[in-house]
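The values are calculated or read from the model by the stated rules, or taken from the named source; none is laboratory data. Not measured: the values here are computed from a predicted model. Neighbour counts are summed over all protein chains in view; Cβ atoms, including those assigned to glycine, are modelled from backbone coordinates with ideal geometry.
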Amino acid sequence: MEEKSRNNTASSTWVTIGSFDGVHIGHQQILAALESGAKEYRGAAIAVSFYPHPAVVLREINEPFYLSTLAEKNALLRRYGAEEIINFTFDRDFSRLSPRAFVQLLREKALFSRLLIGYDFRLGKDRTGGQDALKELGVEMGFTVDVIKPVMYEDEPVSSSRIRLAINEGNLAQANNMLGYPYFVAGTVIHGDGRGKHIGLPTANLLPWQSKLIPAAGVYAAYTEVGGNQHASVVNIGHRPTFYGPGAIQTIETHIFDFHQEIYDQKIGIHFIERLRPEEKFNGVDALMAQIKCDIINAKEILSDAAKPPNLPA
């Protein structure tokens, strides 16, 4: 107890650093250690991250990539244990900082005594700031480095890259297992062409952030969050080939079961539980409607066994 009282200063601050896109179960393990360690030593638990994502800048990625917006990531970091968050703007100039220069910059913002990093974490120019380099800096500057072991899923470490691959393939069950929560896409409800209502299947059309990764085209069992309430739904992502030819714009449409409110211009979120099938072209409306009825039955069965997800991070 005496040692903890003596360390109840800025120097008892614990810090973790990472991109943290999606804040998956590997990140959550680090954040749990950060929270418990800082609490034990009566210090602050600070998560340090970057925006834009370093890969987006260095690889000049222009297509949808992110598992979480900056606001979503910050909220998830807090949900899983961070007390404070420091975000650095990542650009080409920032990428050229040496590990020493970055650590000095960080210590101007937070005089930390403990640094927690993932097993594969590297920072600084040419990614030269690995475990050994950071430990050497720690000895010199007065902080300890703890390396957190990876969380394994299907015999491989969980990573944001693996999750992106699963989402791109429509394998939401796998992605959700690695995230630790159902993958979600939030956005504003916009006016569509009214075709769903015309055929007796009203849908809400979602306009998401343009850089958010969207699951592969297909039909999904999902929960749609409206005003903080979760509603069982079936969601279609794709180009609606039954009605439109090649080159049609991709849409995200959610049919919310037993829901009759007008929600245009409202923010909603879709929490994806499981993919039911890929997108298909049907021989007319009747064939499409017959399949949709089957999709709804399958979605209701899946969702009856699925726990409702946590609300959108706010």
- P182 fails exactly one of (1) outside any helix (DSSP H, G or I); (2) farther than 19 Å from I268 by Cα; (3) touching a His at 6+ places or on another chain (Cβ under 9 Å), namely (2)
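For the range 252-263, does any single residue satisfy the condition of being among the polar types (S, T, N, Q), surrounded by 13 or more Cβ atoms within 10 Å (Cβ to Cβ) and within 30 Å of P52 (Cβ to Cβ)? Full working, then the answer.
So in the range 252-263, the residues among the polar types (S, T, N, Q) come out as 254, 261.
Add one more test, that the residue is surrounded by 13 or more Cβ atoms within 10 Å (Cβ to Cβ), and what stays is 254.
After this cut, where a residue has to be within 30 Å of P52 (Cβ to Cβ) as well, the list is 254.
Looking for residues that are among the polar types (S, T, N, Q), surrounded by 13 or more Cβ atoms within 10 Å (Cβ to Cβ) and within 30 Å of P52 (Cβ to Cβ), one finds at least one in the range 252-263, hence yes.
Quick check on the range 74-129: of everything there that is aromatic (F, W, Y) and in a helix (DSSP H, G or I), which residue is surrounded by the most Cβ atoms within 10 Å (Cβ to Cβ)? Spell out how you get there, then give the answer.
Keep residues of the range 74-129 that are aromatic (F, W, Y), which gives 80, 88, 90, 94, 102, 112, 119, 121.
Pick out the ones that are also in a helix (DSSP H, G or I) and you get 94, 102.
Values: F94: 16, F102: 20.
Ranking the candidates gives F102 first.
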- Pairs, please: C-beta under 6 Å, at least 6 apart or cross-chain, first residue within 19 Å of F272 (Cα to Cα) and in the range 238-261, second loosely packed, with under 13 Cβ neighbours inside 10 Å? H239/A248; H239/Q250
- Item | Enumeration of residues in the range 126-171 that are more than 25 Å from the chain's Cα centre (by Cα) and of a type in the set (K, R) | K135
- Query: Does L276 satisfy being in a loop (DSSP other than H, G, I, E, B), surrounded by 13 or more Cβ atoms within 10 Å (Cβ to Cβ) and either under 23 Å from the mean Cα position of the chain (by Cα) or at pLDDT below 95 (or both)?
  - Reply: no
- Being at pLDDT 95 or above, assigned by TED's automatic domain parsing to the domain that holds I297 and at positive phi narrows G228, G269 down to just G228
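Within 19 Å of the chain's Cα centre (by Cα), buried (at least 19 other Cβ atoms within 10 Å of the Cβ), among the small types (G, A, S) and over 17 Å from G170 (Cβ atoms), is that true of G228? Let's see the steps before the verdict.
Details: within 19 Å of the chain's Cα centre (by Cα): yes; buried (at least 19 other Cβ atoms within 10 Å of the Cβ): no; among the small types (G, A, S): yes; over 17 Å from G170 (Cβ atoms): yes.
No: the conditions fail for G228.
Look at S49 and say whether it is crowded, with 22+ Cβ neighbours inside 10 Å, touching a residue at least 12 places away in the same chain (Cβ under 8 Å) and assigned to a loop (DSSP other than H, G, I, E, B). If you could, list the steps in order and put the result at the bottom.
Values: crowded, with 22+ Cβ neighbours inside 10 Å: yes; touching a residue at least 12 places away in the same chain (Cβ under 8 Å): yes; assigned to a loop (DSSP other than H, G, I, E, B): no.
No; evaluated as a whole, the condition is false for this residue.
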- Scope the range 1-29; condition at pLDDT 95 or above, farther than 15 Å from S68 by Cα and not polar (S, T, N, Q); matching residues: W14, V15, I17, G26
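For residues that are of a type in the set (G, A, S) and within 16 Å of A217 (Cβ to Cβ), scanning just the range 160-183, find the one that is surrounded by the most Cβ atoms within 10 Å (Cβ to Cβ).
From the range 160-183, those of a type in the set (G, A, S) are 160-161, 166, 170, 173, 175, 180; that's our starting set.
Remaining after also requiring within 16 Å of A217 (Cβ to Cβ): 166, 170, 175.
On the way: A166: 21, G170: 23, A175: 25.
Selected residue: A175.
Can you tell me which residues in the range 9-32 are aliphatic (A, V, I, L, M), part of a helix (DSSP H, G or I) and touching a strand residue (DSSP E or B) at 6+ places or on another chain (Cβ under 6 Å)? Before the answer, list the steps.
Going through the range 9-32, the residues aliphatic (A, V, I, L, M) turn out to be 10, 15, 17, 23, 25, 30-32.
Within this subset, residues satisfying the condition of being part of a helix (DSSP H, G or I) are 10, 25, 30-32.
If the condition is that a residue be aliphatic (A, V, I, L, M), part of a helix (DSSP H, G or I) and touching a strand residue (DSSP E or B) at 6+ places or on another chain (Cβ under 6 Å), then I30 is the only one that fits.
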- Item | Selection from the range 256-285 of residues that are within 25 Å of L179 (Cα to Cα) and not acidic (D, E) | I256, K267, I268, G269, I270, H271, F272, I273, R275, L276, R277, P278
- Task: Could you check L207 against (1) surrounded by 16 or more Cβ atoms within 10 Å (Cβ to Cβ); (2) part of a strand (DSSP E or B) and say which number it fails?
- Result: (1)
- Which numbered condition trips up M289, out of (1) modelled with pLDDT under 95; (2) surrounded by 12 or more Cβ atoms within 10 Å (Cβ to Cβ); (3) in a loop (DSSP other than H, G, I, E, B)? (3)
- Query: Taking the condition surrounded by fewer than 18 Cβ atoms within 10 Å (Cβ to Cβ) and more than 28 Å from L312 (Cβ to Cβ), does T188 pass?
  - Reply: no
